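No lab work stands behind these numbers, since they all come straight from the coordinates. Keep in mind that what you see is a predicted model, and the values were worked out from it rather than measured. We place every Cβ from the backbone using ideal geometry, glycine too, and count neighbours over all the protein chains shown.
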Amino acid sequence: MVKSAFISVILQEESKGSVEFQVLSFTNKIKKLTSHLKLHKKDYLSQRGLRKALGKRQRLLTYLSNKNRVRYKELIDQLDIREFKTR
């Protein structure tokens, strides 16, 4: 219940240009593409779109992690995203 409340707060209060909103929209897109690819394993264009969305989301998360670590931690906890590996 907390996750849906958090997501609704992002959708209502934040602007569509905020990093949290963009990460949320990419996460939804990734979930949709993943379920599509379970049915259509040889859809290579969708595979490419999935890889591009994953990379874009990762870059946004890296940006948020560098700017505001607390907001980053809250976001990955609420969306059940694994924390990226640092090199």
Item to complete: Find, among the trypsin sites (Lys or Arg not before Pro) in segment 28-86, those assigned to loop by DSSP (not H, G, I, E, B) with at most 13 other beta-carbon atoms within 10 angstrom.
Response: Lys41, Lys42, Arg82, Lys85
Worksheet item: Taking Rh as the Kirkwood radius, which is the inverse of the mean 1/r over Cα pairs, what is the Rg/Rh value for segment 23-87?
Response: 1.03
Discussion item. Counting only other residues whose beta carbon sits under 15 Å from that of Lys38, what net charge do I get with K and R as +1, D and E as -1?
Written reply: +3
Worksheet item: If you stretched the chain out fully between His36 and Asn68, how much longer would it get, using 0.36 nm times the residue separation minus the C-alpha to C-alpha distance?
Response: 8.2 nm
Worksheet, complete the sentence: Looking only at lysines whose Cα falls under 25 Å of Lys67's and that sit 8 or more positions away or on another chain, we get Lys3, Lys16, Lys29, Lys52, Lys56, Lys85
Item to complete: Report the extension gain between Arg59 and Lys85 in nm, rounded to one decimal, defined as 0.36 nm multiplied by the number of residues separating them, less their alpha carbon distance.
Response: 8.1 nm
Worksheet item: R0 = 25 Å: FRET efficiency of Ser15 with Asp77, Cβ-based, nearest 0.05?
Response: 0.70
